Amino acid sequence: MTTLDAIILGLIQGLTEFLPVSSDGHLELGRAVFGMGTEDNFLYNMILHFATALSTIVVFRGNIWKIIKGLVVLKWNAEWRYALKIIIAIVPIGIVGFLFDDYLEALFGGKILLTGFMLWLTAAFLITAEQLKPVTTEYKEVNYWQALLIGCAQTIALLPGLSRSGCTIATSLALGVGKREATAFSFLIVLPPIIGGVPIKLYKYWAAAESGAAVASKMSFNDMALGAIVAFVVGLLACSAMVRIVQNGKLYGFAYYCIALGAAAIWWGWSR
């Protein structure tokens, strides 16, 4: 992969992370379309997710700061309850990531057919959510059981092409959570796995390199860092606007897009 490849993938990540269309799926397809190498896809994807997670922190800094101030009080309050819900939501992805890290990494190596079918599954999630969500627009917060189910949806979305935000927002709406709360909770629960997982992944990567173990990568640290900076800046510019689109618009448009892109990916994968 070249420096230009890293920049292109950073642009793709920044533009697609905050929409329910699977940024990982777009990264896989972007590599295929532009003929990029497939070395260490999972590692680089995590670095790009780390960059857009920082964008999320900036955009949702008010929500995060409110939670932090409530936690400092050290008494059982709304912020401690909300933090507990986030912890409950990230338990499933933490277990799966710890036990099946190598298997998950193997899925990020040009699996275009898998990506296409998972984009169709994302579309099914979105359409189902629009059909099942309550008619009322009354604000409704996530409860503990809903947090666990939303966390399970996030875990399933580890597959390339299956949108994390699509699965979590769709699951939230289907469970009766308000769209604004569903969007905020969806973006907040991705922060702990990414912020915690990327340093561990990078440590393993460079520890293997220093020990002389085979590390099949042609990407330099500078290229990775440049791609991450691009993803952060683009994500920062796009996040607020895209959050409003998700909150105020219908999910059908994103579903139709995923169906069309998934069909193109499946055709591409079968014709290779």
Residue-averaged [θ]222 nm for the chain, counting only DSSP H segments that reach four residues, each worth -39500 (n - 2.57): -25000 deg cm²/dmol
Positive end of the charge dipole of the chain (Lys, Arg +1 and Asp, Glu -1 on Cβ, about the Cα centre): tell me which of Y44, A174, V21 has its Cα farthest that way. A174
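Sort the range 3-271 into rounded, prolate or oblate with this rule: let a ≥ b ≥ c be the square roots of the eigenvalues of the Cα gyration tensor; rounded if a/c is under 1.5, and if a/c is not under 1.5, prolate when a/b is larger than b/c, oblate otherwise. Intermediate values should be presented prior to the final figure.
On the way: a/c = 1.77, a/b = 1.26, b/c = 1.40.
Because a/c hits 1.5 or more and a/b fails to exceed b/c, the range 3-271 counts as oblate.
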Angle in degrees between helix 221-248 and the longest Cα principal axis of the chain, rounded to the nearest 10: 30 degrees
For I200 and Y144, FRET efficiency with R0 = 22 Å and r from the beta-carbon atoms, rounded to 0.05? 0.20
Unit charges on C-beta of K, R, D, E only; dipole of the range 3-271, Debye: 900 debye
Using every Cα-Cα pair within the range 27-81, state what percent have a distance larger than 19 Å. 54 percent
Note the full-extension length gain between A264 and L104 as 0.36 nm times their separation in residues minus their Cα-Cα distance, in nm to one decimal. 55.2 nm
Expressed as an acute angle from 0 to 90° and rounded to the nearest 10, what is the orientation of the C-alpha long axis of helix 144-156 relative to the principal long axis of the chain? 20 degrees
Rounding to the nearest 10 and keeping the result within 0 to 90°, find how far the Cα-based axis of helix 112-132 lies from the longest principal axis of the chain. 10 degrees
Under 14 Å from a point placed 7 Å out from the Cα of A78 along the Cα-to-Cβ direction: which residues of the range 170-184 have their backbone N that close? 181
So how far apart, in nm, are the two label points at I87 and R61 if each is 7 Å from Cα heading toward Cβ? 2.7 nm
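If each residue's Cβ is checked for other Cβ atoms within 10 Å, how do V230, V177, V72 rank with the fewest at the top?
On the way: V230 21, V177 25, V72 8.
Arranged by neighbour count, lowest to highest, V230, V177, V72 become V72, V230, V177.
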If you bin the C-alpha pair distances of the range 57-124 every 5 Å from 0, what whole percents do you get? 3, 13, 13, 13, 15, 13, 13, 10, 5, 2, 0
What residue among W206, L159, I195 has its Cα farthest toward the positive end of the dipole of the range 3-271, where the charges are +1 on Lys, Arg and -1 on Asp, Glu, each on the Cβ? I195
Check the chain and count each lysine pair with an alpha-carbon distance under 19 angstrom, considering only pairs eight or more places apart or from different chains. 14
Kindly state, to the nearest 0.05, the FRET efficiency for I245 paired with V33, given R0 = 25 Å and r defined as their beta-carbon distance. 0.55
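Every number in this text was worked out from the coordinates using simple rules, so none of it is lab data. Quantities reported herein were computed from a predicted structural model and do not represent experimental measurements. Reconstructed Cβ throughout: ideal geometry from the backbone, glycine too, with neighbour counts over all protein chains shown.
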